[in-house]
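Structure first, then comments.
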Amino acid sequence: MTLVSWTAPKTADEIDRGAVVNPDQARALLAEVGRTVPELEAFFGCMYYAALRPEEVLHLREDEYERPAQPDGWGVLHLTGSTVAVGRGWGDGDDTAEDRELKHRAKAATRDVPVPPPLVRLLDHHVKEYPPGSNGKLFVTRRGPGGRYVPTAGQPIPNNTYGKAWRDARAKVLTPAQQRSPLARRPYDLRHAAVSLWLNAGVPATQVAEWAGHSVHVLMRVYAKCIYGQQEASRRRIEAALHDWKA
């Protein structure tokens, strides 16, 4: 081994801006899911409007959703863990899914994420139409053989189930050129779109990092290329500061 000379290849941590959908594209994709697999519209909505990871959405229970005090207000998601797909025999139990702590957090750690009005509407409709499973989780398998609607006792939605729903929606909504591009290629890209939107809206990076479950260092390293449209505003702030100092 002393004769082997090898340098580990560099990896790109930054998010590709080409994978990030704009709000109109995101709404169109969610609406298409609502037409074809309606019980998954709020599932994807949690990724886009609250920047949740898929495993965090799968773990979400009804009692972790704090509804807004006023109509058309903001709610809160009190995240307590994640439901991760594992190979049979690789987890602590015999199931193919396992409940774990939040990513990069201690076992008892929680994270609060705001719920904007569009997601409030999606979640309220979902709870009304699709009662939680016996374990209280909002998003459980509800399809049997042939795609027939069959409420279950609360089994987690398999990755291939929501993955297919997303691919089908993407094929219906996006143009052929967009389908060949990285644009929203994975459901996880909805989370990237949410974080990018928050940053570009001017939400402080410390707040975005807290909501997204990142450190500020990781946030800025990963999303640096997705922060755009800020240069002109920054120039105006500098000009204003120079003008005030001169006065």
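The values are calculated or read from the model by the stated rules, or taken from the named source; none is laboratory data. Because the structure is predicted, anything quoted here is derived from the model rather than measured. Every residue, glycine as well, gets a Cβ built from its backbone with ideal geometry; the counts of neighbours run over all protein chains shown.
At-a-glance table
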| read-out | value |
| --- | --- |
| Options ALA184, ALA224, ALA153: the member that is at pLDDT below 90 and assigned to a loop (DSSP other than H, G, I, E, B) | ALA153 |
| Complete set of residues in segment 187-221 that are closer than 22 Å to ALA28 by Cα, surrounded by 15 or more Cβ atoms within 10 Å (Cβ to Cβ) and small (Gly, Ala, Ser) | ALA193, ALA194, SER196 |
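The rows are residues; the columns are (1) part of a helix (DSSP H, G or I); (2) under 19 Å from ARG17 (Cα atoms); (3) touching a residue at least 12 places away in the same chain (Cβ under 8 Å); (4) touching a strand residue (DSSP E or B) at 6+ places or on another chain (Cβ under 8 Å).
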site	(1), (2), (3), (4)
ALA165	yes, no, yes, no
ALA169	yes, no, yes, no
VAL203	no, yes, no, no
THR206	yes, no, no, no
HIS217	yes, yes, no, no
MET220	yes, yes, yes, no
